[in-house]
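Structure first, commentary second.
The values are calculated or read from the model by the stated rules, or taken from the named source; none is laboratory data. Please read these numbers as outputs of a predicted model, since none were measured by experiment. Here the Cβ positions follow ideal geometry from the backbone for every residue, glycine too, while neighbour counts run over all protein chains shown. Accessible surface is based on the protein model in full, side chains and every heavy atom, while ligands, DNA and RNA are left aside. Shrake-Rupley method; radii C 1.70, N 1.55, O 1.52, S 1.80 Å.
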Amino acid sequence: MNNIPKSLIEIKSAIVSGSLSCAKLVDQYLQNIEEQKDLNVFISLFDNEARERASEIDEKIKNGTAGKLAGAVITVKDVISVKDKLLTCGSKMLSNFTTVYSATVINRLLKEDAIIIGKVNCDEFAMGSSNENSFFGPVKNPIDKTRVPGGSSGASAVSVAANMCLMSLGSETGGSIRQPASFCGITGLKVTYGRISRFGLVAFASSFDSIGIFGNNNSDIGLMLEVIAGHDDRDSTSSETEVGNYSVQSQNKLEAVKTTIGFAKEYFEEGLNEEIKTGVLAKIEVLRNKGFKIKEISLPHTKYVIQTYYILTSAEASSNLSRFDGVRYGYRSDESAVLEDMYVNSRSEGFGEEVKRRIMLGTYVLSAGYYDAYYRKAQKVRRLIMNDFENAFNEVDFIISPTTPDTAFRLGEKIEDPLSMYLNDIYTASVNLAGIPAISIPSGKDRNGLPFGIQVMGRKFDEEGLLRIWNELGS
Ligand code: GLN
């Protein structure tokens with residue numbers, strides 16, 4: 001394994017000093033990828049293309065014309081379009097589907113000379129918390145290969161944790177960046193709804209989905225964020241809110257006496273691993289000792305988060321996934337004599353168990369007889385959950401909690417029990433229901449050496465604050 005520097009600043013200074021080049025860097029990552037093939041991270045590897053691009057960028061560096069992300073080698077979750085490449089979403093349905101355009105985030109990254117080394121595995125259509133729901137097989141946690149890396153952006157987290165790239169793009173609907181970041185001991189940022197364009201991201205639940213970033217430190221994540229964030233004419237849900245100079249702002253200290261940190265008791269109740277609880281409470285004490293004000297708050301509707309999240313996201317998914325009918329995209333069953341059978345067979349054979357479960361649940365809660373009892377009711381509870389956060393952020397600047405109730409579980413442990421799998425999202429899904437930003441930062445390890453994260457939630461569009469508070473948490 002090559003021991004590649006874990007920050008862009010170090011990589012850039014090694015390039016300037018002549019001890020490294022983008023070409024060498026890509027070769028080293030490719031070697032790390034090859035040596036850790038058993039983790040099952042990549043769906044498509046762009047080895048030759050990445051090497052060629054690296055040489056071009058080395059030239060640009062010599063000429064002084066390189067972009068901000070020269071030296072940053074990244075992976076992309078396979079739910080985001082990269083022109084002329086496979087876009088599988090971890091599904092048999094799209095296993096042979098090649099896209100004709102790039103997502104806005106990809107165009108913005110390439111413009112600043114990032115190198116995309118490949119597209120990585122994930123739960124099918126981003127549905128899952130373990131990366132076991134992939135047509136391309138499960139991904140393994142590099143810290144303990146008998147365990148899951150989390151999901152749905154599991155392979156994105158592994159690619160960063162196992163030094164196969166510097167940063168990765170993932171997506172979130174209910175915790176799919178923060179939970180795998182926590183399980184793999186790295187940092188994951190979920191941005192405010194609308195902060196990053198979703199043009200070119202395959203939709204799961206459109207009122208929840210956002211693209212986000214995995215990385216090792218706040219200046220790297222800040223830099224990537226300032227490149228990809230901001231309004232996009234091709235995504236009407238992308239915000240016009242000004243984009244910060246996050247790579248620089250992330251280094252500014254927070255003024256402790258002027259900052260209040262909320263501690264919601266609902267996030268520390270039954271079901272939380274004792275070691276995680278102790279670890280997160282210890283971090284809160286660190287902040288208190290630095291002079292931050294710590295205030296106990298209440299988010300009273302927390303107990304409804306999982307039910308509300310799964311009703312609403314399944315409803316939206318059942319609608320979004322109706323486009324995969326065997327005609328317009330991807331897989332078509334050739335067993336059918338009549339058109340209707342072709343739809344049914346293509347969808348029955350093309351989708352995996354979990355995706356079918358969500359389509360059925362979503363169709364049910366939207367059906368005429370049950371719409372009021374489930375879908376409409378869940379919409380109302382979503383508003384109450386949003387109000388909880390609005391009230392809380394009148395009193396505090398940040399809210400701190402564990403990211404996950406437990407550390408990485410074993411492969412196969414929860415796959416037969418969807419409810420226990422869904423409970424993994426208990427501390428993360430509320431953030432997506434409310435549309436606020438949150439970050440998971442490595443916070444410690446349990447007695448088995450498995451990492452866990454601390455989650456910091458912020459006000460809408462306060463990504464800067466989340467990157468700044470990282471400096472105080474000491475990792
Ligand atoms: N684990 C959650 C789910 O299965 C979150 C998924 C996500 O954020 N994409 O829905």
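Can you give me the number of residues within segment 303-319 that are open to solvent by 20 Å² or more (accessible area, probe 1.4 Å) and either over 16 Å from TYR364 (Cβ atoms) or at pLDDT below 95 (or both)?
Total satisfying the criteria: 3.
Report every pair of residues separated by at least 6 positions or lying on different chains whose Cβ atoms are under 7 Å apart, first residue within segment 107-129 and more than 16 Å from the ligand (Cβ to nearest atom) and assigned to a helix (DSSP H, G or I), second open to solvent by 10 Å² or more (accessible area, probe 1.4 Å) and modelled with pLDDT of 95 or more.
ARG108/VAL227; LEU109/VAL227; LYS111/GLY67
Can you name the number of the only condition in (1) out of contact with any Pro (no Cβ under 9 Å at 6 or more places or on another chain); (2) part of a loop (DSSP other than H, G, I, E, B); (3) not aliphatic (A, V, I, L, M) that TYR374 fails?
For TYR374, the failing item is (2).
How about segment 402-459: which of its residues are among the acidic types (Asp, Glu), under 19 Å from ASN273 (Cβ atoms) and open to solvent by 40 Å² or more (accessible area, probe 1.4 Å)?
Selection gives ASP406, GLU413, ASP417.
So in segment 195-210, with the set limited to residues that are under 13 Å from the mean Cα position of the chain (by Cα) and over 23 Å from TYR375 (Cβ atoms), which one is farthest from the ligand (Cβ to nearest atom)?
Result: ILE196.
Among the candidates ILE294, ILE276, single out the residue that is in contact with a Leu (Cβ under 9 Å, 6 or more places away or on another chain) and either in a loop (DSSP other than H, G, I, E, B) or over 30 Å from TYR375 (Cβ atoms) (or both).
Numbers: ILE276 fails: in contact with a Leu (Cβ under 9 Å, 6 or more places away or on another chain).
After ruling out the rest, the residue left standing is ILE294.
Yes/no per residue for (1) open to solvent by less than 10 Å² (accessible area, probe 1.4 Å); (2) within 21 Å of GLY128 (Cβ to Cβ):
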site: GLN179; (1), (2): yes, yes
site: CYS184; (1), (2): yes, yes
site: LYS190; (1), (2): yes, yes
site: ARG198; (1), (2): no, yes
site: SER219; (1), (2): no, no
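Considering only segment 144-192, state which residues are among the hydroxyl-bearing types (Ser, Thr, Tyr), away from the ligand (no atom under 13 Å from the Cβ) and farther than 15 Å from VAL120 by Cα.
Within segment 144-192, THR146, THR187, THR192 meet the criteria.
I need the full set of residues from segment 32-52 which are out of contact with any helix residue (DSSP H, G or I) (no Cβ under 8 Å at 6 or more places or on another chain), open to solvent by 40 Å² or more (accessible area, probe 1.4 Å) and not acidic (Asp, Glu), in order please.
LYS37, ASN48
Would a scan of segment 449-465 turn up a residue that is closer than 19 Å to LYS265 by Cβ and of a type in the set (Phe, Trp, Tyr)?
no
Quick check, is PHE214 part of a loop (DSSP other than H, G, I, E, B), in contact (Cβ under 8 Å) with a residue 40 or more places away in the chain and open to solvent by less than 10 Å² (accessible area, probe 1.4 Å)? Give the steps one after another, and end with the answer.
Values: part of a loop (DSSP other than H, G, I, E, B): no; in contact (Cβ under 8 Å) with a residue 40 or more places away in the chain: yes; open to solvent by less than 10 Å² (accessible area, probe 1.4 Å): yes.
No; evaluated as a whole, the condition is false for this residue.
Here is a list: TYR310, TYR371, TYR304, TYR331. Which entry is in contact with a helix residue (DSSP H, G or I) (Cβ under 9 Å, 6 or more places away or on another chain) and free of Cβ contacts under 8 Å to residues at least 24 places away in the same chain?
TYR371
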